[in-house]
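Read through the structure below, which is laid out as structure tokens, and then see the notes.
The values are calculated or read from the model by the stated rules, or taken from the named source; none is laboratory data. A quick note: this is a predicted structure, and the numbers were derived from the prediction, not measured. Cβ placement follows ideal geometry from the backbone for every residue including glycine, while neighbour counts extend to all protein chains displayed.
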Amino acid sequence: MAPLLELRGVTKTFGSVTALRDVDLEIGAAEAVGLIGDNGAGKSTLVKILSGVYAPTAGALHLDGSPVSFGSPADARRAGVEMIYQDLALCDDLDVAANIFLGRELRRRLGPIRILDRERMAAEAARMISELGLSLVPGRLVGTMSGGERQMVAVARALQFQPRLLLMDEPTAALSAEKIRVLLGLVEELKRRGVSILLISHRFTDILHVCDRIVVVRQGTVVGSLQPHAQPAEQTMARMTELMTGDRVSAA
Amino acid sequence: MSATTRPVSTVSRLRSALRPAEGGVNPGLVAALLILFVLLAVTSPYFLSSTNLLNIGKAVAITGIVAVGETIVIIAGGFDLSVGSTMAAAGMTAAFLLGFGVPLPVAFAASILLGILIGLVNGAIISYARINPLITTLATLAIVRGLAYVVSGGREIVISDPAWLSLGTGAILGIPVMIVIVAVTFLVFGWAMPRTIFGRYAYAIGSSARAARLSGVAVDRWRLAFYVTCGGLASLAGLVLVARTGNAQPSAALGVELDVITAVILGGTSLTGGRGRLAGTLIALLVIGIVNNGLTLLGVPSYWQQVVKGGILLAAVLYDELHRGRRDER
Ligand SMILES: Nc1ncnc2c1ncn2[C@@H]1O[C@H](COP(=O)(O)OP(=O)(O)OP(=O)(O)O)[C@@H](O)[C@H]1O
Ligand SMILES: [Mg+2]
């Protein structure tokens, strides 16, 4: 079976900066892939290519085995790829429900025009929030919420439309230990439901906890891929550090 | 989450209900309106006469039509300084066409179209060339006003068409047509802003254009729509202004952007976008109208009105700044 989404020979340059060089990566159905690397290694750039923010300078994306090109984040969303951005990308002046449905508002007819179906959006948002076991008020302004709560809004937004692949860029950065447990539990649950995950995190324990495979990038290239369940956690961690920093060079 | 029995929570809930960002209108502004109203009603016997009240309405009607468009543009994180020039150009255009024997509805349509075109130019430069909206619309302010002078040779055109003039002098059931026009404009957009995708995206883009774009909102195209709305409404206001003064002149509505922006900001719309309500703009317009009216009734020289106007704008901007500061410390 073809992987869900695949990068083939992807290079991305910004002017004279090469953020990614000839990257191959595949994400299978219901697979959770961890993406690690030092600051500036190219992780965010890689997921932004998957989410349609950037077009690759060279190389191609394949969805279910056939080539695709995402011209915009909306294209990627339509293909079932959702993204939680490192800075969350929320509108502070909109409430929770409006943020969850931003760009995909539900509407209803009113005579000749179509207006926002605010009641249904609030109700559906509330349903999603309680399904996720979160405590968010759909009518609350996002700008008045704490970092952790905002993170949860971004999660709810990504899950509202049943994605096939969820991309998460440092989703645990702003969270307390307890909220991290909630989030990682959520990831496990999504995996069970068959959603594929790509998780970027600096916290090795998060990655080890939920990922089936770990991909390491250094200076824009993929330098290795690890199976965390193939050896004890300490060994995996040591390998991760080695690959990230390039202390000892060896093929994975 | 929090204990509902704490007395603080009731107070804070009440306070947040009144805060403009959370759907209310600045209570200070409402209080100012009421106080001014009562004060003038007591000090001047003429103030409460229906003629005077309708005069206040007429005095702010034209500014009000433009302020609706400006409110939308500022909520969406933009700015439009070219509204006064657009008003003048729109009035000149319709007057010219009328002079060539073009039927009035066609002349009106052409002049609204001109406003839409100016809005398109503003929006396109701001959206696609990524030029700051202040600079962009300052440039179109000069260009459009200049062209109005060039095309007319600086001459004014006296209007005698009764249908056109009735926009400024007529009344429907005793209510001046101008006031009906501004009321309908406020009602239509006041209804639409919280209920349509147009309004939702104005708030979203003003709040974070980046977040809106990443969510799949066609930010650039929506920006065009907001500037087009503002340009079209400025044209409409320009036509009403001609009807009121009886002539179209290239120098019409000079400096009106000061009045318009004062009303918008005083009404609680955030200078940085994302927050604001048309109801706030409306109340601010009434406050400004009553202040001006009061100064006139009390015999204060008209130069002072200019000083007071500037003072009000400054107060409004200070309020916006303080208010924002408080919210940022979350
Ligand atoms: N829009 C851009 N324009 C120019 N250079 C960029 C841009 N985005 C990323 N880069 C550069 O590309 C490289 C990779 O950046 P990227 O954000 O992908 O790293 P990262 O692995 O996500 O780092 P971090 O862990 O700090 O989030 C960096 O050198 C960065 O400066
Ligand atoms: Mg990053």
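Looking at the range B:206-223, which of the residues that are more than 9 Å from chain A (Cβ to nearest Cβ) and touching a helix residue (DSSP H, G or I) at 6+ places or on another chain (Cβ under 6 Å) is surrounded by the fewest Cβ atoms within 10 Å (Cβ to Cβ)?
B:Asp220
From A:Leu106, A:Leu90, A:Leu102, grab the single residue that is of a type in the set (A, V, I, L, M) and over 25 Å from A:Lys179 (Cβ atoms).
A:Leu106
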* To do: Restrict the check to the range A:198-206 and report whether at least one residue is away from ligand 1 (no atom under 16 Å from the Cβ) and in contact with an Asp or Glu (Cβ under 7 Å, 6 or more places away or on another chain).
  => no
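Could you pull out the residue among A:Gly80, A:Gly71 that is under 19 Å from A:Leu7 (Cα atoms) and within 12 Å of another protein chain (Cβ to nearest Cβ)? Spell out the reasoning first.
Numbers: A:Gly80 fails: within 12 Å of another protein chain (Cβ to nearest Cβ).
When all the criteria are applied, what remains is A:Gly71.
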* Is at least one residue of the range A:77-95 of a type in the set (Phe, Trp, Tyr), more than 16 Å from ligand 2 (Cβ to nearest atom) and under 23 Å from the mean Cα position of the chain (by Cα)? -> no
* **Wholly enclosed helices (runs of 4 or more DSSP H) of the range B:69-187 bearing at least 2 residues under 17 Å from B:Leu254 (Cβ atoms) and of a type in the set (S, T, N, Q)** => B:83-99, B:133-152
* To do: Assess whether B:Ile312 counts as being at pLDDT 85 or above and of a type in the set (A, V, I, L, M, F, W, C).
  => no
* For residues that are facing another protein chain (nearest Cβ under 8 Å) and touching a strand residue (DSSP E or B) at 6+ places or on another chain (Cβ under 7 Å), tally how many sit in the range A:94-113. => 2
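Please work out if A:Pro67 is away from ligand 2 (no atom under 16 Å from the Cβ), touching a His at 6+ places or on another chain (Cβ under 9 Å), modelled with pLDDT under 95 and within 29 Å of A:Lys191 (Cβ to Cβ).
It is false that A:Pro67 is away from ligand 2 (no atom under 16 Å from the Cβ), touching a His at 6+ places or on another chain (Cβ under 9 Å), modelled with pLDDT under 95 and within 29 Å of A:Lys191 (Cβ to Cβ).
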* Kindly establish whether A:Leu7 is within 12 Å of ligand 1 (Cβ to nearest atom) and out of contact with any Ser or Thr (no Cβ under 9 Å at 6 or more places or on another chain). => no
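The rows are residues; the columns are (1) buried (at least 20 other Cβ atoms within 10 Å of the Cβ); (2) within 14 Å of another protein chain (Cβ to nearest Cβ); (3) modelled with pLDDT under 95; (4) closer than 30 Å to A:Leu90 by Cα.
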site	(1), (2), (3), (4)
B:Trp164	yes, no, no, no
B:Thr169	no, no, yes, no
B:Leu173	no, no, yes, no
B:Pro176	yes, no, no, no
B:Ile179	no, no, no, no
B:Ala183	no, no, no, no
B:Pro194	no, yes, no, yes
B:Phe198	no, yes, no, yes
B:Ala204	yes, yes, no, yes
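Considering only the range B:47-58, how many residues are loosely packed, with under 11 Cβ neighbours inside 10 Å and either aromatic (Phe, Trp, Tyr) or out of contact with any Gly (no Cβ under 9 Å at 6 or more places or on another chain) (or both)? Outline the logic, then answer.
Here is the first cut: in the range B:47-58, the ones loosely packed, with under 11 Cβ neighbours inside 10 Å are B:50-51.
Filter again for either aromatic (Phe, Trp, Tyr) or out of contact with any Gly (no Cβ under 9 Å at 6 or more places or on another chain) (or both), leaving B:51.
Residues flagged as loosely packed, with under 11 Cβ neighbours inside 10 Å and either aromatic (Phe, Trp, Tyr) or out of contact with any Gly (no Cβ under 9 Å at 6 or more places or on another chain) (or both) within the range B:47-58 amount to 1.
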* Asked: Can you find a residue in the range A:121-135 that is within 10 Å of chain B (Cβ to nearest Cβ), closer than 30 Å to B:Gly276 by Cα and assigned to a strand (DSSP E or B)?
  -> no
* To do: Output the number of residues of the range A:70-104 satisfying the condition of being free of Cβ contacts under 8 Å to residues at least 40 places away in the same chain and hydroxyl-bearing (Ser, Thr, Tyr).
  => 1
* Assess whether A:Gly37 counts as being within 16 Å of ligand 2 (Cβ to nearest atom), out of contact with any Gly (no Cβ under 8 Å at 6 or more places or on another chain) and touching a residue at least 60 places away in the same chain (Cβ under 8 Å). => yes
